[in-house]
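K.L.:
I'd like to ask you about the structure that follows.
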Amino acid sequence: MKPETQNKLAITVVVAAVVVAAAALIMVMRMSYPPDEARVMRLIEQQLAKQDGSAAVPALTEARVVRLIEERLPAMESAGKGISEARLKKLIDERLAGKSALPDKEFEARVEKGIVAFIEKQRRAEQERPNQLARNLPRPNKSDHIYGNPTAPVTLIEYSDFECPFCKRFHDSVKQVVDASKGQVKWVYRHFPIEQLHPVKARKEAVAAECAGELGGHDAFWKFADRFFELTPSNNRTDVDTVLPQIAREIGLDEKQFASCVASGRHDQRIDKDIRDAQTSGANGTPWSVIVSKGGKTYVLSGAQPQAAIKQLTELALQEK
Amino acid sequence: MRSYVSDLYTAFARVFTRAGYIVLASALALAAFLFAVWFPNFALIGEVFGTPDVALIAKLRFALSLLGGIATNFDLLSAGYTVAIAVLFGINTAMIAYLLTQKRVVAAGQNLVIGSGGMATGALGIGCAACGSLVFTTVLSSFGAASAVALLPWQGEEFGILGAALLLVSVSLMSRKIAAPGSCETPARGVGRTRDRIATPVNVKRLTFTQLDEVTKR
C-alpha cells in the first residue's frame, strides 16, 4: 500500500472513530432521559425476562398498551408514521373483547408500529424541550422585581443564586445591557438558590433580598442585590450574620425589622415557587435566563454568558414582532 | 522524566512537521473547544440558526459571542482544563493517526482506548463550578447526580482534571512508541539467538563487518 493511501486510510479511521464516539455520546445523552414510554417498555422487558414461557408475552404487551393509551396518553394525536391512537385503541379493544380478526403476529406488529411512532414523536418533542418548557414560565407580574423600563418590549427573566460566583459576573453584564438598551430591555430577577451546592446561605440571602424589597420597595431590592454581589466572595463563603445587617444598614432599612423579616420565614413560599418554576422550566444550574420577545418568543440562555452574547440575543428578540 | 521529555520532543518532531497532522490536530482541538463552550447553549444556537428572519451574519456573530463564555462561564481551573483537554485531544488523535500510518495498529488501539477514556471523563467535567458539572446535572439529573457532585470537593471539576491527565498519559505513552525505532528490541549481549540479534537494524549498525563475521561463525 502506498504511503499516501495509508495516510488517507488512517485519517478516515480516526474521523470515523470520532464520529462513532460523538454518536455514542448523543445516544447516551438521549438514553439518560428517555421518554416515559421507553422506560415503561424497558421495565416490561425486564418483567418478561423474569417470566419463563412465551404465553405471558402477548397478554403483558396488551396490558401495557392499554394502560399506555387509556391512562397516560389521553391527548395523543395521530402518530405520523404509524397507526393513529384511535385505530390502535380500537384494535386493542377488539382484541381484548375477543373480536379481533387480525392474526396474532399482525396485531403485535401494528401495536409495535404505533408505539415506535409515538416514541419517535416524543423524541422530537424532547429536542425542542428547552424552549417549550420556557414558554410555561410565569410572565412578569407585580410581585416581580423589575429593573429597567417596565414596559420594555424585551424581557430578560433571570433565575439566580446569591452564592453563585457566575451569577455575580452575570449580574453586572445584564445590568450594563439593560442600561445601554435605552428602555428596550427590562430585567426580572427571580430566585434559584441551589441548596445542594450552597446550603442554608443561598436561601437565607434570597429571603433577605425579598425582605429588602418588602421594607424598601423594588429599589431597595436592587440596591441589596447590587451591594451583595459587590461585597461577597460567593461559593458559600459569605459571613451572612455580618453582611446581611451591614447591607440593610447601608441601604437605609430598619435593621430590627429586617432581621425580624428574615427570621419570620414569610418569604419562603415565594422562594419555593421560584425554585419550582425554574425547575419545571428546565433550569439545571445558575444563572439561568429566558429572554422573551414582545411576541412571546423565548430564548433560553444558560450560564454566565458574556455581555456581547446577551446584547446580541436581546437584539434578536427586539427584531421579533 | 528527562527521557519522557526527550521522547515527547522526538515524537512531536516526527508527527507535527507534517502539515496534515497539524491541520488534523488543530481542527479536532477547535471542535472539542467549541463543543465545550457551546455545550450549555446548543439548543439556543439551534433556535437562533433556525430562525429564518435573522441574517446569517447576525447568527454567526451571536455564536461567536458565546465563545467569550470561556472567560465568564468558567472559573480559572475549569477554563484551564477545558483548553487542555481540547488541545490534548487534537494532539492525541493526530498521534494515533500517525501510528496507524506506520501500521502500528496495536499501539494506536491501546492509546485510542486511553484517549477515549480521557475524553469521556473530561466531558463529564464540562460546566461551571457554581452549578456543578453541566453534563452531570443535565444528562444524569434523574440519578441524583447534582447531589452527588455537591459532595465532591471541587463539585465535579475532578472529572475535567482526570480527563486532562488521562489524555496527557496517552500522549506521553504514544510519544515513547513514536520515538522508539520501529524494530525488535535488541537483546542483551550473549542472550538470545544469533539470528535475532543480527536481524535487528540496531545491531547491524553497531557491529563492524569483522564482528559480524565472528558472530555468524559462532
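K.L.:
Need pairs with beta-carbon distance below 7 Å; first residue touching a residue at least 60 places away in the same chain (Cβ under 8 Å) and within the range A:136-157, second among the small types (G, A, S) and surrounded by 14 or more Cβ atoms within 10 Å (Cβ to Cβ); sequence gap 6+ or separate chains.
P.N.:
From residues that are touching a residue at least 60 places away in the same chain (Cβ under 8 Å), the pairs are A:N136/A:S281; A:L137/A:S281; A:H145/A:G213; A:V154/A:S293; A:V154/A:A317; A:L156/A:S289; A:I157/A:S289.
K.L.:
Right, something else. Would you check if there is a residue in the range A:196-218 being touching a strand residue (DSSP E or B) at 6+ places or on another chain (Cβ under 7 Å), within 14 Å of chain B (Cβ to nearest Cβ) and modelled with pLDDT under 95?
P.N.:
No, because not a single residue in the range A:196-218 is touching a strand residue (DSSP E or B) at 6+ places or on another chain (Cβ under 7 Å), within 14 Å of chain B (Cβ to nearest Cβ) and modelled with pLDDT under 95.
K.L.:
Quick one: which residue in A:S181, A:S143, A:S100 is farther than 23 Å from B:D75 by Cβ and modelled with pLDDT under 85?
P.N.:
Being farther than 23 Å from B:D75 by Cβ and modelled with pLDDT under 85 holds for just one of A:S181, A:S143, A:S100, which is A:S100.
K.L.:
Report the residue count in the range A:142-162 for those that are of a type in the set (A, V, I, L, M, F, W, C) and in a strand (DSSP E or B).
P.N.:
4
K.L.:
Considering only residues that are more than 13 Å from every other protein chain (Cβ to nearest Cβ) and crowded, with 20+ Cβ neighbours inside 10 Å, which ones fall in the range A:148-167?
P.N.:
Of everything in the range A:148-167, those that are more than 13 Å from every other protein chain (Cβ to nearest Cβ) and crowded, with 20+ Cβ neighbours inside 10 Å turn out to be A:G148, A:A152, A:V154, A:T155, A:L156, A:I157, A:E158.
K.L.:
Now for a separate question. Out of curiosity, is B:A86 more than 8 Å from chain A (Cβ to nearest Cβ) and in contact with a Phe, Trp or Tyr (Cβ under 8 Å, 6 or more places away or on another chain)?
P.N.:
yes
K.L.:
Would it be correct to say that A:A309 is surrounded by 22 or more Cβ atoms within 10 Å (Cβ to Cβ), within 18 Å of A:E158 (Cβ to Cβ) and hydrophobic (A, V, I, L, M, F, W, C)?
P.N.:
Criteria met by A:A309.
K.L.:
Could you tell me which numbered condition B:A43 fails, if it satisfies all but one of (1) at pLDDT 90 or above; (2) in contact with a Pro (Cβ under 7 Å, 6 or more places away or on another chain)?
P.N.:
Result: B:A43 fails condition (1) only.
K.L.:
With the range B:26-74 as the region, which helices (runs of 4 or more DSSP H) entirely inside it contain at least 3 residues that are out of contact with any Cys (no Cβ under 7 Å at 6 or more places or on another chain) and more than 7 Å from every other protein chain (Cβ to nearest Cβ)?
P.N.:
Filter on the range B:26-74 gives B:42-49, B:56-66.
K.L.:
Would you say A:R249 is of a type in the set (K, R), more than 10 Å from chain B (Cβ to nearest Cβ) and in contact (Cβ under 8 Å) with a residue 12 or more places away in the chain?
P.N.:
no
K.L.:
If B:S116 satisfies every condition in (1) of a type outside the set (D, E); (2) under 26 Å from A:H171 (Cα atoms); (3) within 12 Å of chain A (Cβ to nearest Cβ); (4) touching a helix residue (DSSP H, G or I) at 6+ places or on another chain (Cβ under 7 Å) but one, which is the exception?
P.N.:
(2)
K.L.:
Can I ask one more? Considering the range A:252-293 alone, what residues qualify as being more than 32 Å from the chain's Cα centre (by Cα) and either of a type in the set (S, T, N, Q) or crowded, with 19+ Cβ neighbours inside 10 Å (or both)?
P.N.:
Scanning the range A:252-293 gives A:L253, A:Q257, A:F258, A:S260.
The values are calculated or read from the model by the stated rules, or taken from the named source; none is laboratory data. This is a predicted model, so every value here is computed, not measured. Note that we place each Cβ from the backbone using ideal geometry, even for glycine, and neighbour counts take in every protein chain shown.
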